[in-house]
1. Go through the range 192-232 and give me each residue that's open to solvent by less than 70 Å² (accessible area, probe 1.4 Å), out of contact with any strand residue (DSSP E or B) (no Cβ under 8 Å at 6 or more places or on another chain) and not in a loop (DSSP other than H, G, I, E, B).
2. Looking only at residues that are in a strand (DSSP E or B) and closer than 18 Å to residue 129 by Cα in the range 164-185, which one is farthest from the chain's Cα centre (by Cα)?
3. Taking residue 217, is it modelled with pLDDT under 90, of a type in the set (Asp, Glu), in contact with a Lys or Arg (Cβ under 8 Å, 6 or more places away or on another chain) and closer than 30 Å to residue 109 by Cα?
4. If a residue has to be at pLDDT below 90 and either closer than 21 Å to residue 284 by Cβ or surrounded by 22 or more Cβ atoms within 10 Å (Cβ to Cβ) (or both) to count, how many in the range 233-242 make the cut?
5. Please go through the range 266-306 and give me each residue that is of a type in the set (Val, Ile, Thr) and in contact with a Lys or Arg (Cβ under 7 Å, 6 or more places away or on another chain), ordered by number.
6. Given the condition open to solvent by less than 10 Å² (accessible area, probe 1.4 Å), modelled with pLDDT under 90, within 18 Å of the chain's Cα centre (by Cα) and not β-branched (Val, Ile, Thr), answer yes or no: does some residue in the range 243-257 qualify?
7. Can you list the strands (runs of 3 or more DSSP E) found entirely within the range 49-115 that contain at least 1 residues being closer than 22 Å to residue 28 by Cα, modelled with pLDDT under 95 and in contact with a strand residue (DSSP E or B) (Cβ under 6 Å, 6 or more places away or on another chain)?
8. I need the full set of residues from the range 272-287 which are in contact with a Phe, Trp or Tyr (Cβ under 9 Å, 6 or more places away or on another chain) and touching a residue at least 40 places away in the same chain (Cβ under 8 Å), in order please.
Amino acid sequence: MFREEILKNFKGKKVLVIGDFMIDEYIFGKVERISPEAPVPVVEAKEVTIKPGGAANVAANLSSLGAIPYLVGIIGKDEKGKKLKDLLQKLKAKTQWLIEDKDRPTTVKTRIVAGAQQLLRVDWENSDYVSKDVSKKIIEVLSDNYKEFDAVIISDYGKGVVTPELFEITGKIKIERPIILDPKEKNFPFYKNITTMTPNIKETFQAVGIKPKTNEDTEKAGNRLIERFNLDYAVITRSEQGLSIIGRKFKKHIPTRAKQVFDVTGAGDTVISVFTLAISSGATPEEAGEIANLAAGIVVGKLGTATTTVSEILETFKNLRRQCAL
């Protein structure tokens with residue numbers, strides 16, 4: 001498994017998060033009839049909640065685990081942008097490097113939920129790549145400040161913040177600090193020079209042209225990821241099959257620890273957050289994978305975009321260890 005002291009080292013870790021910051025909005029209600037205007041359910045809305053989404057959910061995960069996230073990206077110069085910034089500041093995330101862009105809306109994903117069932121999602125966004133000036137500012141922040149941090153996370157949701165130019169400087173940085181990437185399919189052509197990436201099974205197939213079904217197929221895909229993107233090792237999330245860590249000289253397939261799955265929204269954000277903190281706290285990739293997999297099993301048992309804590313992970317770990325001893 002892993003050493004418990006790794007989790008205790010999460011507190012106070014400083015992580016630079018570069019990526020697409022957004023709001024996850026939930027409209028909760030109930031359905032009791034079908035609309036007379038069209039064959040669709042009528043949702044009687046009862047409650048609206050907003051949560052940090054995308055790279056902002058990575059920040060929320062890091063904060064709930066005791067780390068200090070520093071954020072680099074853009075938000076719109078609009079009401080939703082103000083709300084998102086307020087949410088992030090309440091989490092004690094550092095927002096001085098968030099750029100307000102009057103020409104782009106803050107990305108919002110609105111989900112309509114009845115009971116525990118998501119009925120519809122509406123996205124408000126501009127997914128064009130950011131301007132050269134904005135890209136230059138983001139790269140300068142990374143280049144000038146990376147030594148102040150324990151690790152760097154690149155959270156790519158394909159909304160334009162992550163550009164090819166970013167990876168021209170990551171090669172020299174990853175020698176000194178781990179750089180962990182959560183990828184997006186459309187940007188595979190320009191990823192390179194990072195410590196590792198955390199694609200899901202679908203993204204892995206798209207990246208290397210293999211559809212992993214068996215552990216052997218997953219290992220082959222992981223090795224191709226390493227070669228194509230110049231990774232130190234690959235982290236592949238496999239949904240109900242768990243998580244695989246593939247290195248040049250090691251491999252580990254970790255079964256899922258989820259007891260119940262209510263909502264997988266944001267589970268990848270939890271994986272990359274926990275994995276990054278574990279690596280920067282002295283864990284081996286295999287240990288970091290075990291901890292991240294355990295954390296993902298916790299958050300998918302919660303409704304909506306969710307986070308977990310060190311105490312929850314520790315309690316789940318102790319329960320699992322007791323079960324194994326039986």
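The values are calculated or read from the model by the stated rules, or taken from the named source; none is laboratory data. Note that this is a predicted model, so its numbers are computed, not measured. Don't worry about glycine lacking a Cβ; one is built from the backbone with ideal geometry, like all the others, and counts go over all protein chains shown. The accessibility values were calculated without ligands, DNA or RNA, using every heavy atom of the protein model including side chains. Shrake-Rupley method; radii C 1.70, N 1.55, O 1.52, S 1.80 Å.
1. 203, 207, 208, 217
2. Top of the filtered list is 181.
3. For residue 217, the condition - modelled with pLDDT under 90, of a type in the set (Asp, Glu), in contact with a Lys or Arg (Cβ under 8 Å, 6 or more places away or on another chain) and closer than 30 Å to residue 109 by Cα - is not met.
4. Residues that pass the stated criteria total 2.
5. 305
6. For the range 243-257, residues open to solvent by less than 10 Å² (accessible area, probe 1.4 Å), modelled with pLDDT under 90, within 18 Å of the chain's Cα centre (by Cα) and not β-branched (Val, Ile, Thr): absent.
7. Details: elements: 68-76, 94-101, 107-114.
By residue number, 107-114.
8. Restricting attention to the range 272-287, the residues satisfying the condition of being in contact with a Phe, Trp or Tyr (Cβ under 9 Å, 6 or more places away or on another chain) are 274, 277-278, 280-281, 283-287.
Across the range 272-287, the qualifying residues are 274, 277, 278, 280, 281, 283, 285, 286, 287.
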